[in-house]
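The values are calculated or read from the model by the stated rules, or taken from the named source; none is laboratory data. A quick note: this is a predicted structure, and the numbers were derived from the prediction, not measured. All Cβ positions, glycine included, derive from the backbone under ideal geometry; neighbour counts span all protein chains shown.
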Amino acid sequence: MNKIYLVGLPGAGKSHCGRWLAEQLDWNFMDLDGSIEHSMQKSISKIFDEHGEDVFRQIESDELMKTKKLRNTVISTGGGTASWGDNMEWMQRNGLTVFINTPIDKIVSRIMLNAQKRPMFAGLQEGEIKEKLSEIEKKRGEFYSRAKLIWNRELPNDKFYVSVSQLLALYSARF
């Protein structure tokens, strides 16, 4: 097993956890949204605006499939990646999946600090953001919960590293 896919709600800290974990493992880090923006030469919000969610999700799935050839890489996925098509099953077959299960109240606080960077939440008040995140969690939670490891903390730490390392060793021994 030489790839780790981080899944979870928007604002859960997938990129932060991914960078930290990649550094601990001495692996590469990839942000799927960043890769899409680079490939398309457009921001995620512009792709959504110009083409709609269905087109964006197909682009996202295509970009995800490109990660198959990567080695020793931690990949932070978008909040909706796991719930589209068979993406979660594909990630399960091609790497270790980790659900960053940050409490919604903590995510709301993060989003409130820079909502302008998250068009999905632009112009919303704190209660509206919480409500929207709860709706998203209801729709996507079943996919996130399929991950091989569920991290129920807002930040990574040594226990996170040890848990991931043990799972990597276990899966590497089996394949």
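Side notes on the structure shown:
- Test for MET120: is it within 18 Å of the chain's Cα centre (by Cα), in a helix (DSSP H, G or I), hydrophobic (A, V, I, L, M, F, W, C) and under 26 Å from GLU53 (Cα atoms): yes
- Test result for LEU155, outside any helix (DSSP H, G or I), surrounded by fewer than 19 Cβ atoms within 10 Å (Cβ to Cβ), without any contact (Cβ under 8 Å) to a residue 24 or more places away in the chain and on the phi < 0 side of the Ramachandran plot: no
- Within the range 81-117, the set of residues being over 30 Å from ASP26 (Cβ atoms), within 13 Å of the chain's Cα centre (by Cα) and not hydroxyl-bearing (Ser, Thr, Tyr) comprises TRP84 only.
- Out of GLY141, GLY85, GLY79, sole residue that is out of contact with any Asp or Glu (no Cβ under 7 Å at 6 or more places or on another chain), part of a loop (DSSP other than H, G, I, E, B), without any contact (Cβ under 8 Å) to a residue 40 or more places away in the chain and more than 16 Å from LYS3 (Cα to Cα): GLY85
- Test: residue in the range 27-40 that is surrounded by 19 or more Cβ atoms within 10 Å (Cβ to Cβ), in contact with a helix residue (DSSP H, G or I) (Cβ under 8 Å, 6 or more places away or on another chain), among the β-branched types (Val, Ile, Thr) and under 18 Å from LYS117 (Cβ atoms): yes
- Against the numbered list (1) closer than 30 Å to ASN157 by Cβ; (2) surrounded by fewer than 19 Cβ atoms within 10 Å (Cβ to Cβ); (3) without any contact (Cβ under 8 Å) to a residue 40 or more places away in the chain, VAL55 comes up short only at (1).
- Single condition MET65 does not satisfy, out of (1) in contact (Cβ under 8 Å) with a residue 60 or more places away in the chain; (2) surrounded by fewer than 14 Cβ atoms within 10 Å (Cβ to Cβ): (1)
- Selected residue (criterion: nearest to SER45 (Cα to Cα)) from residues of the range 87-100 that are in contact with a helix residue (DSSP H, G or I) (Cβ under 9 Å, 6 or more places away or on another chain) and surrounded by fewer than 21 Cβ atoms within 10 Å (Cβ to Cβ): TRP90
- Qualifying positions in the range 52-94 - at pLDDT below 95 and at positive phi: GLY52, GLY85
- With respect to (1) within 16 Å of the chain's Cα centre (by Cα); (2) assigned to a helix (DSSP H, G or I); (3) surrounded by fewer than 18 Cβ atoms within 10 Å (Cβ to Cβ); (4) in contact (Cβ under 8 Å) with a residue 12 or more places away in the chain, the lone exception for SER134 is condition (1).
- Yes/no for GLU128 being charged (D, E, K, R), farther than 22 Å from ALA22 by Cα and within 15 Å of the chain's Cα centre (by Cα): no
- Verdict on ASN114 being touching a residue at least 12 places away in the same chain (Cβ under 8 Å), loosely packed, with under 13 Cβ neighbours inside 10 Å and of a type outside the set (A, V, I, L, M, F, W, C): no
- Tally of residues being assigned to a helix (DSSP H, G or I), at pLDDT 95 or above and more than 21 Å from ASN72 (Cα to Cα) across the range 4-37: 0
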